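The values are calculated or read from the model by the stated rules, or taken from the named source; none is laboratory data. As the structure is a prediction and not an experimental result, all values here were calculated from the model. Reconstructed Cβ throughout: ideal geometry from the backbone, glycine too, with neighbour counts over all protein chains shown.
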Amino acid sequence: MFKVSFDWPPGFDAKRHDLPVDGHSVIVEVEPEEVGATIPGSSQETALYCAEETARRAALETIQKDLPEGVEPVCLVALVDRLPGELRRRTPTLHTSGARAWLV
């Protein structure tokens with residue numbers, strides 16, 4: 001489980017563009033089978049790296065429709081212990097092969 005926050009590229013003023021995702025983050029649950037299937041027999045460090053990359057891609061896909069063309073934010077990825085309680089009853093904003101993501 002990961003929390004992905006966003007930072008904007010230097011010189012990009014998110015307030016001026018009135019982005020609906022500014023100040024939000026994405027909680028991503030990566031399915032363990034997906035990481036294991038990607039690299040069978042991989043080390044724990046490699047599996048964590050793959051899970052973080054999956055979370056980053058899912059988070060970007062979650063907010064992509066709200067970004068101006070050509071703008072890609074910097075993703076700050078952090079491990080979280082579990083899915084926050086309020087999200088357990090919410091349908092994911094995005095459900096892809098290997099991950100579910102909630103915009104918060």
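Annotations
- Selection status of Pro40, surrounded by fewer than 12 Cβ atoms within 10 Å (Cβ to Cβ), at pLDDT 85 or above and outside any helix (DSSP H, G or I): no
- Residues of the stretch 1-32 satisfying the condition of being of a type in the set (Asp, Glu), free of Cβ contacts under 8 Å to residues at least 40 places away in the same chain and exposed (fewer than 12 other Cβ atoms within 10 Å of the Cβ): Asp13, Asp18
- Residue match in the stretch 92-99 (condition: outside any strand (DSSP E or B) and closer than 14 Å to Met1 by Cβ): yes
- Matching option when the condition is out of contact with any Leu (no Cβ under 9 Å at 6 or more places or on another chain) and in a strand (DSSP E or B), among Ala55, Ala78, Ala47: Ala78
- Test: residue in the stretch 10-25 that is within 14 Å of the chain's Cα centre (by Cα) and modelled with pLDDT of 90 or more: yes
- For the stretch 61-83, the tally of residues that are touching a strand residue (DSSP E or B) at 6+ places or on another chain (Cβ under 7 Å) and within 14 Å of Met1 (Cα to Cα) stands at 6.
- Matching residues in the stretch 60-104 - criterion: being in contact with a Ser or Thr (Cβ under 6 Å, 6 or more places away or on another chain) and farther than 21 Å from Lys15 by Cα: Thr93, Leu94, Gly98, Ala99, Ala101, Trp102
- A single member of Glu86, Glu72, Glu61 is exposed (fewer than 13 other Cβ atoms within 10 Å of the Cβ), of a type outside the set (Lys, Arg) and under 22 Å from Asp18 (Cα atoms), and it is Glu72.
- Residue-level check: of (1) surrounded by 14 or more Cβ atoms within 10 Å (Cβ to Cβ); (2) in contact with a strand residue (DSSP E or B) (Cβ under 9 Å, 6 or more places away or on another chain); (3) hydroxyl-bearing (Ser, Thr, Tyr), Thr91 misses just (1).
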